[in-house]
């Protein structure tokens, strides 16, 4: 009976955890009948299980929640905050009783063994019960350790067989053994893995309760719940993640009135996204709140004596934000029951580092903050490539390797631009770093005899890593390294070779960062001009490149914000202009894209107010204008011709490009505000898209913000303080200068344009 009680408690806990998130999601969308039905089934199942074991208090509580939900399903009751809070309170009480039950002994177990009084509920439970068996984590660890030893033994046996002549039968038996070990490894690994959604399931409820307590409106968006992580690792990062979320709600998200004054929507957003990168799990927690004030952190650090004035003056913006992890530092103006004591973020960092992970922070005042947790899989077996510098051996995840080439090959050339290494591999230029230089190790191999490993980190750009020698592809058992080793940012863990010698596993993205290569964020295949950060931007610095039609051109370096590489499908003609999608941004594109091009390289040009894209074929070099410029005969894309590297090159006229293709206004300008009735379907469905397309932020009649223009139907009155008022008329020939026929698009746009200009000028 003890086993039955344990199964009952475990099942109830799982269902209750899932139930909390479902109820919060239902509150946000009360018309979602499918989610309501799902919640009702959850509650009904809990009630049935309680009835099966004859726990009357539990059954009565779940029955009360079921009755309330049944009234909503039948239309006898509407969904409101009070109802949701009551249902959540019942769920919490059931959870408390389940927790208490889990600590009861033989007497309760015997009491629970009585025959079921609800046959229907019993049948439901038995029909839904999966075929499972409960194992201790210690036993799973022993199984995984045994499989890991088998993998190492298999690798050593493979190395020995390669050095001797063996019969075909022996080779066949070894291949079968390798296949069996691989299947066992996968099966045992899966037994320890859980979907990370088990970690995320409680977040919506926590955010709801906390925001209600603080008088805020916060919504949480969760992605990547299908990512799998070791069960123990999930438990280790639960508290750090919870603390970061609570800090985001308390410190980050502003109150509705403050958000409206800042031009934001009154509901704040916290997004949580999990993804796998190699043998690491990355968890991003971002909010659109007020951001972290780095200057205030410096003031706090100076006041506490953590740093002195000289150290504060040398801090970079990123290092200033890193002060948030110092013990005793907090940006909170007052201490609350939630946060503000300065004893949280330092614990978050120490807990994450204890398991071999890292915490990164990025923030912009007024825009929001982002915390990134990088945590390893506690124990995994991954394919890897072993390389060496001198006598030191290292491993690189095979999934991050594109190709391996010799530095002295006919298709490879090595150069240095602006102090940075650049490798040209079959016409493709990629940044190049030396592993010996990054690690500070002595190499006994000449530069021209090194081997280049072309690496593409997850979500990043391609770069070439120069190593002395390549040894072998192996499947390696990876474990977290010591916190001091992981803190370098270079490594993802440690492993053992087949002879038992220790090997450090590189983190491809961390290796690039330490080597001085800038990589772009996830979900974009980005290219960055590697020399742009190393050479001071002067008016006479230009990037020499070839166009898609083979011309030799140059553009001033100061105008190039970045270089992107995108598929040709990202180019579309819309609104009479060629445009390109770069991530979540759509820019005008100068030039034409020839047929048959699969990928496109684009200069992202900025003038401080707007951005445009300029397609090109290849960057040739970074050069300096030191010769005479022969001007073009007429204004156009080419400003003139000059000599670069002893050959003529056309200098791009950026002024003409932006005059012809540039759009948009400076982001610093205030967005004009238009008030239209929120309860008028015609206004919302027909008029609002036109107003928003004209550049306005639309508010409703109950919004306290001041509008530059108010559009009303009939003879209504706008709130005091609003600017121009326009009354829409059903008459094609309305009387009065302040009235416009509702379908007179030209007159309406003219009024909007005039008012927008006046509003931005205020």
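General remarks:
- Sites residue 64 and residue 692 - FRET efficiency at Förster radius 45 Å, r taken between beta-carbons, to 0.05: 0.45
- Spacing of the two label points (7 Å from each Cα toward its C-beta) at residue 597 and residue 183, in nm: 5.1
- Normalised by the number of residues in the stretch 673-760, the average gap of Cα pairs under 8 Å and 6 or more apart makes the relative contact order 24 percent.
- The stretch 251-328: C-alpha gyration tensor shape, a/c 1.5 cut-off, then a/b vs b/c: oblate
- Length gained on full extension, residue 682 to residue 156, computed as 0.36 nm times the residue gap minus the Cα-Cα distance: 181.9 nm.
- Rg [Å, one decimal], Dmax [Å, integer] - the stretch 673-760, C-alpha atoms: 11.8, 33
- Calculated FRET efficiency for the pair residue 231/residue 365, C-beta based, R₀ 45 Å, to 0.05: 0.70
- Virtual spin-label span in nm between residue 720 and residue 482, 7 Å along Cα→Cβ: 7.2
- Subtracting the Cα-Cα distance of residue 471 and residue 303 from their residue separation scaled by 0.36 nm leaves 55.1 nm.
- Only alpha carbons enter this Debye calculation for the stretch 536-661, each as an equal point scatterer, and the log10 of I(q)/I(0) it gives at q = 0.14, 0.15, 0.17, 0.18 Å⁻¹ is -0.59, -0.68, -0.88, -0.98.
- Note on residue 618 and residue 86: the extension gain reaches 185.2 nm, defined as 0.36 nm multiplied by sequence separation minus the Cα-Cα distance.
- Length-normalised contact order of the stretch 197-376 in % [C-alpha pairs under 8 Å, at least 6 apart]: 23
- D_trans [Stokes-Einstein, Kirkwood Rh over alpha-carbon pairs] for the stretch 197-376, 25 °C, 0.890 mPa s, µm² s⁻¹: 146
- Here the stretch 718-733 and the stretch 557-574 have alpha carbon centers that stand 43 Å from each other.
- Rounded FRET efficiency, nearest 0.05, which uses the C-beta distance separating residue 76 from residue 413 and R0 of 60 Å: 0.15
- Share, in percent, of DSSP beta bridges within the stretch 673-760 that are antiparallel, nearest 5: 0
- Rounded, prolate or oblate (a/c below 1.5 giving rounded, otherwise prolate when a/b exceeds b/c) for the stretch 555-619 by Cα gyration tensor: oblate
- Nitroxide proxy distance, nm - points 7 Å out along Cα→Cβ at residue 569 and residue 585: 2.3
Here, each number is a calculation from the coordinates, and none is a lab measurement. The shown structure was predicted, so the numbers you read here are calculated from the model rather than taken from an experiment. When we count neighbours, we look across all protein chains shown, and the Cβ atoms used for this are built from the backbone with ideal geometry, even at glycine.
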